[in-house]
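Chemist: To start, I am sharing the structure in question, which I have written as structure tokens.
The values are calculated or read from the model by the stated rules, or taken from the named source; none is laboratory data. The structure presented is a predicted model; accordingly, all values stated were derived computationally and were not measured. Counting neighbours? That spans all protein chains shown, and the Cβs are built from the backbone with ideal geometry, glycine included.
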Number of protein chains: 2
Amino acid sequence: MHIQSTFRAQTVPASNLLAGMQPAAVTLYPADAVIYAEGDAAGPLYVVEFGTVRICRVTADGRRQITGFLTAGDAFGFEAGAEHDSYAESVDGAGVRVLRATGGQEPTGAVLHMALKSLARTQHQLMLLGCKSANVRIAAFLFDLSERQGDDRPVHLAMQRNDIADYLGMTFETVSRALRFLKDERIIRLKTIADIEILDRGALESLCE
Amino acid sequence: MHIQSTFRAQTVPASNLLAGMQPAAVTLYPADAVIYAEGDAAGPLYVVEFGTVRICRVTADGRRQITGFLTAGDAFGFEAGAEHDSYAESVDGAGVRVLRATGGQEPTGAVLHMALKSLARTQHQLMLLGCKSANVRIAAFLFDLSERQGDDRPVHLAMQRNDIADYLGMTFETVSRALRFLKDERIIRLKTIADIEILDRGALESLCE
DNA sequence: CGACCTGTTGATTCTGCTCAATCAACGTGG
DNA sequence: CCACGTTGATTGAGCAGAATCAACAGGTCG
């Protein structure tokens, strides 16, 4: 495959990233383990094999913003500067493969594509934080999770309320209340504390739009 | 210059982008002119030569989120998919150069670098929207503008209150009140409606932190 | 069993939005 | 030149949504 006269992204399976890179084993990070810290030298790319990873940043006053949750197939570790200004942690026990480019070669289009996917996701999140109410943010979050997890089985929340709150720019109490709102509206059902069944997908989607 | 065993960004002047690309003239877009619309086919990259460009997205309920303001040297038009899901407009009369990659070639590391810069900026904005109050957002916005414009002459606001509001996820009334707050605190002074003198840079910075 | 952690719920406070009035700057046409 | 309309900015009053503070429930683990 070659890129024809455009910077548009091309669909490349993540495995193609491995071309021209040193193979690496999958590392298992237990829950809350740090994958890289803020200030660490940037360089390698990471690919999630299983589990969930969160990318975080903290402000001077101690507040945390989670800029992304990553699951199987997602890449992370991109950095514009020489060192990470975010940090990455395992949420629930995650398997991560490290990719180091072999010396003296240009990054491939596949890397660019994954960076652009990150950008698109971050912009989507920006819309949520800029324009939407708490209930709508939660609805959109669940909808997104549901789409990522694919099938129509209950959505599994690998992260806890606290994480969701820091991802969506609100408090965990508000997360709780928003879930309750969706429950009262008969849009979702909490099978367990971490497994949510979507009863009315249409209503959920129309909330997000 | 070559990239050694890393995906870390390298510092490449934007002009290097031109290597391997068709030269193109600068197009002048008058204020509020559309550079590309939502749904347009993605492909070419754009570089701002002078003036200011805004990247926007609208929600179903008509709210607008500005995901970025771009000034001289900034590139935009990256897209993960086949078509733009944002649209770009000139803010104040902007000169824009279009870059089309020549056929059958991989994007260079410079393109990746610019995409990563976009990503970093978007993540920074995410911090603002997720963690900061209205006053702090405005302070950070002014501080950012001031750094981008370089010298210590008054900061020029190319965009109007409405745009700032949609960029920072608030209403234009709140923008007005936040500016008034900074004025009352003797941190800034409004030389004109669009030119702001920073009286106390330390206070401004410590507000953002 | 008690300690602890996570999550839920309630009461209160406060930030920022909505609605609305006012003002200044500007352009147009009589 | 002035009356008028328009547009952007500022300011005020009242309100709504989310944060904060606090109490409590349920589960897990020592």
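Chemist: Tell me whether region B:137-159 contains one or more residues that are more than 27 Å from B:V47 (Cα to Cα) and either among the acidic types (D, E) or assigned to a strand (DSSP E or B) (or both).
Modeler: Taking every residue of region B:137-159 in turn, none turns out to be more than 27 Å from B:V47 (Cα to Cα) and either among the acidic types (D, E) or assigned to a strand (DSSP E or B) (or both).
Chemist: A follow-up question, please. With surrounded by 21 or more Cβ atoms within 10 Å (Cβ to Cβ), hydrophobic (A, V, I, L, M, F, W, C), in a helix (DSSP H, G or I) and within 7 Å of chain A (Cβ to nearest Cβ) as the only criterion, which of B:L128, B:L119 stands out?
Modeler: Going through B:L128, B:L119 in turn, the sole match is B:L119.
Chemist: Can you list the strands (runs of 3 or more DSSP E) lying wholly within region A:32-86 that have 3 or more residues being at pLDDT 95 or above and closer than 16 Å to A:M159 by Cβ?
Modeler: Numbers: elements: A:34-36, A:45-50, A:53-58, A:64-70.
Correct list: A:53-58, A:64-70.
Chemist: Return yes when A:T108 is more than 16 Å from DNA strand D (Cβ to nearest atom), at pLDDT 95 or above and touching a helix residue (DSSP H, G or I) at 6+ places or on another chain (Cβ under 8 Å) and no when it is not.
Modeler: no
Chemist: Something else about it: Might you check whether a residue that is surrounded by 18 or more Cβ atoms within 10 Å (Cβ to Cβ) and out of contact with any Asp or Glu (no Cβ under 7 Å at 6 or more places or on another chain) occurs anywhere in region A:200-207?
Modeler: Checked region A:200-207: at least one residue is surrounded by 18 or more Cβ atoms within 10 Å (Cβ to Cβ) and out of contact with any Asp or Glu (no Cβ under 7 Å at 6 or more places or on another chain).
Chemist: With the structure loaded, tell me whether B:L128 is within 16 Å of the chain's Cα centre (by Cα) and of a type in the set (A, V, I, L, M) or whether it fails that test.
Modeler: Values: within 16 Å of the chain's Cα centre (by Cα): yes; of a type in the set (A, V, I, L, M): yes.
So B:L128 passes the test.
Chemist: For A:R161, only one of the following conditions fails: (1) out of contact with any Asp or Glu (no Cβ under 7 Å at 6 or more places or on another chain); (2) over 23 Å from A:L207 (Cα atoms). What is its number?
Modeler: Every listed condition holds for A:R161 apart from (2).
Chemist: Of everything in region A:154-209 that's near DNA strand D (Cβ under 9 Å from one of its atoms) and of a type in the set (A, V, I, L, M), which residue is nearest to the chain's Cα centre (by Cα)?
Modeler: Of everything passing the filter in region A:154-209, A:L168 is nearest to the chain's Cα centre (by Cα).
Chemist: What are the residues in region B:51-90 that are within 19 Å of B:L129 (Cβ to Cβ), facing chain A (nearest Cβ under 10 Å) and surrounded by 22 or more Cβ atoms within 10 Å (Cβ to Cβ), if any?
Modeler: Listed by number, the residues that qualify are B:I55, B:Q65, B:I66, B:T67, B:S86.
Chemist: Quick check on region A:169-180: of everything there that is assigned to a helix (DSSP H, G or I) and within 9 Å of DNA strand C (Cβ to nearest atom), which residue is farthest from the other protein chains (Cβ to nearest Cβ)?
Modeler: A:R180
Chemist: Which condition from (1) free of Cβ contacts under 8 Å to residues at least 40 places away in the same chain; (2) away from DNA strand C (no atom under 13 Å from the Cβ); (3) not in a helix (DSSP H, G or I) is the one that B:E197 breaks?
Modeler: Exception for B:E197: condition (1).
Chemist: Based on this model, can you work out whether B:A139 counts as more than 14 Å from DNA strand D (Cβ to nearest atom) and crowded, with 18+ Cβ neighbours inside 10 Å?
Modeler: Yes: the conditions hold for B:A139.
Chemist: For the list (1) within 16 Å of DNA strand C (Cβ to nearest atom); (2) modelled with pLDDT under 95, I need the number of the one condition that B:T102 fails.
Modeler: Unmet condition: (1).
Chemist: In addition: Condition first: within 11 Å of chain B (Cβ to nearest Cβ) and of a type outside the set (V, I, T). Now tell me which residues in region A:131-149 satisfy that.
Modeler: A:C131, A:K132, A:S133, A:R137, A:A140 - these are the residues of region A:131-149 that are within 11 Å of chain B (Cβ to nearest Cβ) and of a type outside the set (V, I, T).
Chemist: Given the criterion over 30 Å from A:A75 (Cβ atoms) and either within 16 Å of DNA strand D (Cβ to nearest atom) or crowded, with 19+ Cβ neighbours inside 10 Å (or both), identify the matching residue among A:S146, A:S133.
Modeler: A:S133
Chemist: Ok, one more. Answer yes or no: is there a residue in region B:50-67 that is away from DNA strand D (no atom under 15 Å from the Cβ), within 15 Å of the chain's Cα centre (by Cα) and among the aliphatic types (A, V, I, L, M).
Modeler: yes
Chemist: Got a sec? Which of A:D166, A:D152, A:D184 is facing chain B (nearest Cβ under 8 Å), farther than 18 Å from A:D74 by Cα and either within 15 Å of DNA strand C (Cβ to nearest atom) or out of contact with any helix residue (DSSP H, G or I) (no Cβ under 6 Å at 6 or more places or on another chain) (or both)?
Modeler: The unique qualifying residue is A:D166.
Chemist: What's the number of the condition A:K191 fails, among (1) at pLDDT 95 or above; (2) more than 14 Å from every other protein chain (Cβ to nearest Cβ)?
Modeler: Exception for A:K191: condition (1).
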